[in-house]
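One structure is given here, and the rest of the page talks about it.
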Amino acid sequence: MQRAGIRPIFAAAVVALAASGSVASVRAGEATLGSAAGSADRYFGGALDPGAFDERPYRELAATQLTSVTPENAMKWGLVEPERGEFDWKGADSLVAFAEANRQKIRGHTLVWHSQLPLWLINGAFRPDEIKDLMVAHITEEVGRYKGAIYAWDVVNEPFTDDGSWRRSIFYDAMGPDYIATALKAARAADPAAKLYVNDYNVETDGPKMQALYDLVASLKRAGAPIDGVGVQSHFAAGALPKDIQSVMEKFAGLGVDVAVTELDLRIRLPADEKALVTQAGDYASVVRACRATPRCVGVTTWGITDDRSWIPSYFSGYGAALPFDAAHRAKPAVGAMIKAFTQVAP
Ligand code: XIL
């Protein structure tokens, strides 16, 4: 379906959101993460759960603090096509409507990933040529649906393992490394205006995985494949942020692509005390400074906004408190530290 065809749906949803008070106003002069980032010509983004838009405090925080949004899960293949040929765009549409109502950019996440795939796809025993056709059709369908609405797509997510070797997936197994260029070309054809990214974690420090991603992007550029950006996810324990994150971002940018911090969170071993929160704030500010110092770093996205809606406690046992706002939606020290890092005159 083309975007023109779904515009009325968005328009209706926009009116509904506006009427329910989603377009929260910020007091004049009050700095937000989004406004601070804007003053440095960057965006500040957050991963959102459209299932929580009916909760007013969540909605208002997302509307006022963010200038970019990402669906934490709502655009993943397993969610949008749970049965072959049966699509469920509810969450994705509502994320897009929210962003349009609040004039926020959208980072689409994610088209080709080994995880959160529909069971029919994983268990379908498809031949390699069928997997290729299904992948291209999926990209064409989803990117086409939101053509013109999405600022940037994480086209390929997490292609490498920590030692820098290719990660096995149905896509890699079917096509080898060529799946990446094939996916990028399909995305470009479906929405020529969207910035196309490859995104990964543990690539924020110089090491085998970072080098593998660097070599991949360099080879895509040489081959003329449509690659516009590198996403560095940036999931770390507070206090363990790599010291060389800025030089790594500069190195990627040196390939002639944009760079974005796409999934930042800085987890703390619970219970979090004041000292840990201060350490965390320092690391959040360091990421912002690294982005500001890298001309091609376009913005920073955190993986969630409040601690009560974070993937960390369920995936990193004993950890939590990873996001800039606490469970009661109060700003943690990280918020002021990032605003300062975005706005203070560079030394
Ligand atoms: C995570 C979500 O936050 C969870 O809710 C979900 O259960 C699993 O996926 N890297 C990514 C994200 O690229 O898509 C992942 O999101 C976190 C790690």
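The values are calculated or read from the model by the stated rules, or taken from the named source; none is laboratory data. Worth saying up front: this structure is predicted, and the values here are computed from it rather than measured. Glycine gets a Cβ as well: all are built from the backbone with ideal geometry, and neighbour counts include every protein chain shown. What goes into the accessible areas is simple: the full protein's heavy atoms, side chains included, and nothing from ligands, DNA or RNA. Shrake-Rupley method; radii C 1.70, N 1.55, O 1.52, S 1.80 Å.
Some notes on this structure:
- Of all the listed residues (305, 245), the sole one being within 13 Å of the ligand (Cβ to nearest atom), among the β-branched types (Val, Ile, Thr), under 24 Å from residue 154 (Cα atoms) and open to solvent by less than 50 Å² (accessible area, probe 1.4 Å) is 305.
- Out of 287, 278, one residue alone is surrounded by fewer than 19 Cβ atoms within 10 Å (Cβ to Cβ) and under 17 Å from residue 340 (Cβ atoms). It is 278.
- Taking the criterion of being under 11 Å from residue 281 (Cα atoms) and of a type in the set (Gly, Ala, Ser), the only residue of the stretch 315-330 that qualifies is 322.
- When residue 345 is tested against the conditions (1) within 16 Å of the ligand (Cβ to nearest atom); (2) modelled with pLDDT under 95, the lone failure is (1).
A quick yes/no check of all residues on (1) within 15 Å of residue 226 (Cα to Cα); (2) touching a residue at least 12 places away in the same chain (Cβ under 8 Å); (3) charged (D, E, K, R); (4) not in a helix (DSSP H, G or I):
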site: 181; (1), (2), (3), (4): yes, yes, no, no
site: 186; (1), (2), (3), (4): yes, yes, no, no
site: 189; (1), (2), (3), (4): yes, yes, no, no
site: 193; (1), (2), (3), (4): yes, yes, no, yes
site: 206; (1), (2), (3), (4): no, yes, yes, yes
site: 210; (1), (2), (3), (4): no, yes, no, no
site: 213; (1), (2), (3), (4): no, yes, no, no
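- Qualifying residues in the stretch 309-331 (those that are over 17 Å from the mean Cα position of the chain (by Cα) and within 13 Å of the ligand (Cβ to nearest atom)) - the one most open to solvent (accessible area, probe 1.4 Å): 315
- The stretch 150-166: number of residues that are in contact with a Phe, Trp or Tyr (Cβ under 8 Å, 6 or more places away or on another chain) and more than 16 Å from the ligand (Cβ to nearest atom): 1
- Inter-residue pairs, beta-carbon under 9 Å, first on the phi > 0 side of the Ramachandran plot and in the stretch 51-72, second hydrophobic (A, V, I, L, M, F, W, C) and within 16 Å of the ligand (Cβ to nearest atom), 6+ apart: none
- Being among the hydrophobic types (A, V, I, L, M, F, W, C) and crowded, with 16+ Cβ neighbours inside 10 Å is a property that residue 97 has.
- Among the residues of the stretch 54-85, those that are in a loop (DSSP other than H, G, I, E, B) and within 16 Å of the ligand (Cβ to nearest atom) comprise 72, 73, 74, 75, 76, 82.
- Members of the stretch 115-131 that are away from the ligand (no atom under 16 Å from the Cβ) and closer than 25 Å to residue 73 by Cβ: 120, 121, 123, 124, 126, 131
- Contacts under 6 angstrom Cβ, first residue in the stretch 232-244 being over 16 Å from residue 322 (Cβ atoms), partner assigned to a loop (DSSP other than H, G, I, E, B) and open to solvent by less than 30 Å² (accessible area, probe 1.4 Å), 6 or more apart: 232/203; 232/204; 242/204
- Complete set of residues in the stretch 135-169 that are farther than 24 Å from residue 217 by Cα and either at pLDDT below 95 or open to solvent by less than 30 Å² (accessible area, probe 1.4 Å) (or both): 144, 145, 146, 149
- Among the criteria (1) hydrophobic (A, V, I, L, M, F, W, C); (2) within 16 Å of the ligand (Cβ to nearest atom); (3) part of a loop (DSSP other than H, G, I, E, B), the one residue 240 does not fulfil is (2).
Matching residues to (1) in contact with a Lys or Arg (Cβ under 8 Å, 6 or more places away or on another chain); (2) at pLDDT 95 or above; (3) of a type in the set (Ser, Thr, Tyr):
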{"position": "219", "(1), (2), (3)": "no, yes, yes"}
{"position": "228", "(1), (2), (3)": "yes, yes, no"}
{"position": "235", "(1), (2), (3)": "yes, yes, no"}
{"position": "241", "(1), (2), (3)": "no, yes, no"}
{"position": "256", "(1), (2), (3)": "yes, yes, no"}
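- Extreme residue, farthest from residue 291 (Cα to Cα), among residues of the stretch 248-260 that are open to solvent by less than 40 Å² (accessible area, probe 1.4 Å) and of a type outside the set (A, V, I, L, M, F, W, C): 256
- Some residue of the stretch 96-111 being at pLDDT 95 or above, hydrophobic (A, V, I, L, M, F, W, C), under 26 Å from residue 166 (Cα atoms) and within 14 Å of the ligand (Cβ to nearest atom): yes
- From 251, 275, 221, residue being part of a helix (DSSP H, G or I), more than 16 Å from the ligand (Cβ to nearest atom) and free of Cβ contacts under 8 Å to residues at least 12 places away in the same chain: 275
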